[in-house]
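First the structure, in the form of C-alpha cells, and then the observations on it.
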Amino acid sequence: MAESTKLPKDIFAVEVPNHELLKLAYDSYLANARLASATTKQRGEVSGGGKKPWKQKGTGRARFGSTRNPIWRGGGVVFGPRGNENYTKKLSKTAKKVAIRQALTVAHDAKKISVLPYEEKVTGKTRDAVAFLKQFKLDRKVLLVTSEKTPELMRATNNLQEVLVIRANYLSVYHILNADHIVISPQALDIITAWLGKEEA
C-alpha cells in the first residue's frame, strides 16, 4: 500500500544490529502486564488440623501433630506463590525509544506501515470502518495509531476483533511486532516524530 507521507528515516529506517533489545522490550511489556494472582495457603492458613491424628507413642507410626502438615494431602503448601511476587522488568526510557524505533524499522521494511488520514473520515459507524479496511485491503491484525481515542473512533472499531486502536504516545514494541498492518494518521505521525525523533544535544 502506498504511503501518503514520507516517513522520517531517524525513526523508521534505523540500524537494527540484532533483535536482543526488541526481545527485551517485548518481554518487558508482557512481564509488566502480568498479575500475581496465584496464591497458596501455608500450613497455618489451612482449615482443620487442630486435633493430633494419633497419639505420640505406641502406634509404631511416625509422630504427627497436625493433618495440615505439608507432606499430608490437604495440608499446607511449602514455598508456593503468595500473590506478592514482582514480575516487572525495567527498561530505561532511552532503551524503550531505541527499541520502538527498531520495531518500526522492522515493520517498515516488511511494508506493514501506511500513513492515511483516517481520523477525519471517522463517522462512528462500524460499517464505514469495515469499508475503509476493505478499500485499502487491511485484513488480519490491524493497528490503528491515532492522536486521540475519540468516542466516534472507538464506537466504530469496538466490535472489530482484528482492529486495535492505540494512541501514538502509547506505542510499544509488543503492539508493533504483533500487527500485520499498521495505519498511522498524519496527526499521530507528528506525535511520533516529536516523541521519537533525534533529540538535540
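Taken together, the residues in segment 77-119 that are among the β-branched types (Val, Ile, Thr) and more than 22 Å from Arg167 (Cα to Cα) amount to 3.
If we scan segment 83-98, do we find a residue that is part of a loop (DSSP other than H, G, I, E, B), without any contact (Cβ under 8 Å) to a residue 60 or more places away in the chain and surrounded by 14 or more Cβ atoms within 10 Å (Cβ to Cβ)? No, the conditions are met nowhere in segment 83-98.
The set of residues from segment 1-60 being open to solvent by 60 Å² or more (accessible area, probe 1.4 Å), at pLDDT 90 or above, assigned to a loop (DSSP other than H, G, I, E, B) and of a type in the set (Ser, Thr, Tyr) comprises Ser37, Ser47. Each residue in segment 170-197 was checked for being open to solvent by 10 Å² or more (accessible area, probe 1.4 Å), within 23 Å of Ser28 (Cα to Cα) and in a helix (DSSP H, G or I), and 6 pass. For segment 152-166, the tally of residues that are open to solvent by 70 Å² or more (accessible area, probe 1.4 Å) and part of a strand (DSSP E or B) stands at 1. Among the residues of segment 105-129, the ones that are among the hydroxyl-bearing types (Ser, Thr, Tyr) and more than 26 Å from Leu22 (Cβ to Cβ) come to 3 in all.
Hey, can you tell me all the residues within segment 11-58 that are charged (D, E, K, R) and within 30 Å of Ala110 (Cα to Cα)? Selection gives Glu15, Glu20, Lys23, Asp27, Arg34. In the set (1) open to solvent by 70 Å² or more (accessible area, probe 1.4 Å); (2) free of Cβ contacts under 8 Å to residues at least 60 places away in the same chain; (3) over 21 Å from Asp180 (Cα atoms), Gly124 fails one condition alone, (1). Here Lys134, Lys149 are screened, and the one residue that is part of a loop (DSSP other than H, G, I, E, B), of a type outside the set (Ser, Thr, Tyr), more than 16 Å from Ile100 (Cα to Cα) and out of contact with any helix residue (DSSP H, G or I) (no Cβ under 8 Å at 6 or more places or on another chain) is Lys149. Residues in segment 99-113 that are buried (at least 18 other Cβ atoms within 10 Å of the Cβ) and outside any helix (DSSP H, G or I): Lys112, Ile113.
The values are calculated or read from the model by the stated rules, or taken from the named source; none is laboratory data. It should be emphasised that the depicted structure is a prediction, and the values quoted were computed from it without experimental measurement. FYI the Cβ positions are ideal-geometry reconstructions off the backbone, even for glycines, and counts take in every protein chain you see. Heads up: the accessible areas ignore ligands, DNA and RNA and are worked out on the full protein's heavy atoms, side chains in. Shrake-Rupley method; radii C 1.70, N 1.55, O 1.52, S 1.80 Å.
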